[in-house]
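Colleague: One structure coming up, written as structure tokens, with questions to follow.
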Amino acid sequence: MKQIFINLPVADVVASMEFYTKIGFEVNPLFTFDDQKCMAWGENVFVMLQKRKGPVVAESPVTFTLPVERMEELNKIVQRALDAGGTEPTPGFEEPFMVVREIGDLDGHRWGIVCIDGEV
């Protein structure tokens, strides 16, 4: 089975864990420790929230994308992110085959939430 683990340095691991839980991630206890929380998005995508050990380097930002099946789900995730203290750093946009909205977490990591094709 192929899986992806994304290591995200964060200022406050517990606050970030609460943020990601509110937008639909689940805690994976297998890889969760005091200084690291593993958040699962389905069976194959994991975000490892790790205590930042140094200054933030602001070069080219990396963005991540989470596909969802329905527009209602997309809008719920964005609203939950905003309610949990996140941001919507750029305006959403719509193409004939997809809708994209972007959220920023508590540390400014950016996530595109995308509803593609016939699900729009």
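The values are calculated or read from the model by the stated rules, or taken from the named source; none is laboratory data. Everything quoted here is computed from the prediction, not taken from an experiment. Glycine gets a Cβ as well: all are built from the backbone with ideal geometry, and neighbour counts include every protein chain shown.
Colleague: What residue, of Glu88, Glu73, Glu95, Glu69, is of a type in the set (Asp, Glu) and in contact with a helix residue (DSSP H, G or I) (Cβ under 6 Å, 6 or more places away or on another chain)?
Modeller: Glu69 is the lone residue from the list that is of a type in the set (Asp, Glu) and in contact with a helix residue (DSSP H, G or I) (Cβ under 6 Å, 6 or more places away or on another chain).
Colleague: Looking at the stretch 79-98 only, could you name the residues that are modelled with pLDDT of 95 or more, among the aliphatic types (A, V, I, L, M) and not in a helix (DSSP H, G or I)?
Modeller: Residues of the stretch 79-98 modelled with pLDDT of 95 or more: 79-88.
Filter once more, so that each one left must be among the aliphatic types (A, V, I, L, M): 81-82, 84.
Passing the criteria: only Ala84.
Colleague: Can you name every residue in the stretch 9-19 that is in contact (Cβ under 8 Å) with a residue 60 or more places away in the chain and either touching a Lys or Arg at 6+ places or on another chain (Cβ under 8 Å) or surrounded by fewer than 19 Cβ atoms within 10 Å (Cβ to Cβ) (or both)? Give the derivation first.
Modeller: Keep residues of the stretch 9-19 that are in contact (Cβ under 8 Å) with a residue 60 or more places away in the chain, which gives 9-12, 15-16, 18-19.
Of everything in the stretch 9-19, those that are in contact (Cβ under 8 Å) with a residue 60 or more places away in the chain and either touching a Lys or Arg at 6+ places or on another chain (Cβ under 8 Å) or surrounded by fewer than 19 Cβ atoms within 10 Å (Cβ to Cβ) (or both) turn out to be Pro9, Val10, Ala11, Asp12, Ala15, Ser16, Glu18.
Per-residue answers, yes or no, for (1) part of a strand (DSSP E or B); (2) among the aromatic types (Phe, Trp, Tyr); (3) more than 21 Å from Ile116 (Cα to Cα):
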residue	(1), (2), (3)
Thr21	no, no, yes
Glu43	no, no, no
Leu49	yes, no, yes
Pro55	no, no, yes
Thr65	yes, no, no
Glu73	no, no, no
Ile77	no, no, no
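Colleague: Let me ask something else. For the stretch 21-28, does any single residue satisfy the condition of being over 28 Å from Val99 (Cα atoms), surrounded by 11 or more Cβ atoms within 10 Å (Cβ to Cβ) and not β-branched (Val, Ile, Thr)? Spell out the reasoning first.
Modeller: Just the residues of the stretch 21-28 that are over 28 Å from Val99 (Cα atoms), to begin with: 28.
Okay, now just the ones that are also surrounded by 11 or more Cβ atoms within 10 Å (Cβ to Cβ), so 28.
Restricting the remaining residues to those that are not β-branched (Val, Ile, Thr) gives 28.
Yes, there is a match, as at least one residue in the stretch 21-28 is over 28 Å from Val99 (Cα atoms), surrounded by 11 or more Cβ atoms within 10 Å (Cβ to Cβ) and not β-branched (Val, Ile, Thr).
Colleague: Restricting attention to the stretch 68-82, which residues are under 10 Å from the mean Cα position of the chain (by Cα) and exposed (fewer than 14 other Cβ atoms within 10 Å of the Cβ)?
Modeller: none
Colleague: Scan the stretch 32-46 and give yes if some residue there is among the aliphatic types (A, V, I, L, M), in contact (Cβ under 8 Å) with a residue 24 or more places away in the chain and either touching a Phe, Trp or Tyr at 6+ places or on another chain (Cβ under 7 Å) or under 22 Å from Lys2 (Cβ atoms) (or both), otherwise no. Break it down into steps so the answer makes sense when it comes.
Modeller: Step one: of the stretch 32-46, the residues among the aliphatic types (A, V, I, L, M) are 39-40, 45.
Within this subset, residues satisfying the condition of being in contact (Cβ under 8 Å) with a residue 24 or more places away in the chain are 45.
Checking which are either touching a Phe, Trp or Tyr at 6+ places or on another chain (Cβ under 7 Å) or under 22 Å from Lys2 (Cβ atoms) (or both) leaves us with 45.
The answer is yes, given that some residue of the stretch 32-46 is among the aliphatic types (A, V, I, L, M), in contact (Cβ under 8 Å) with a residue 24 or more places away in the chain and either touching a Phe, Trp or Tyr at 6+ places or on another chain (Cβ under 7 Å) or under 22 Å from Lys2 (Cβ atoms) (or both).
Rundown of residues vs (1) more than 15 Å from the chain's Cα centre (by Cα); (2) aromatic (Phe, Trp, Tyr); (3) surrounded by fewer than 10 Cβ atoms within 10 Å (Cβ to Cβ); (4) modelled with pLDDT under 90, yes/no style:
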residue	(1), (2), (3), (4)
Phe33	yes, yes, no, yes
Trp41	no, yes, no, no
Met48	no, no, no, no
Leu66	no, no, no, no
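Colleague: Mind checking which residues of the stretch 83-120 are among the aromatic types (Phe, Trp, Tyr) and within 15 Å of the chain's Cα centre (by Cα)?
Modeller: Scanning the stretch 83-120 gives a single hit, Trp111.
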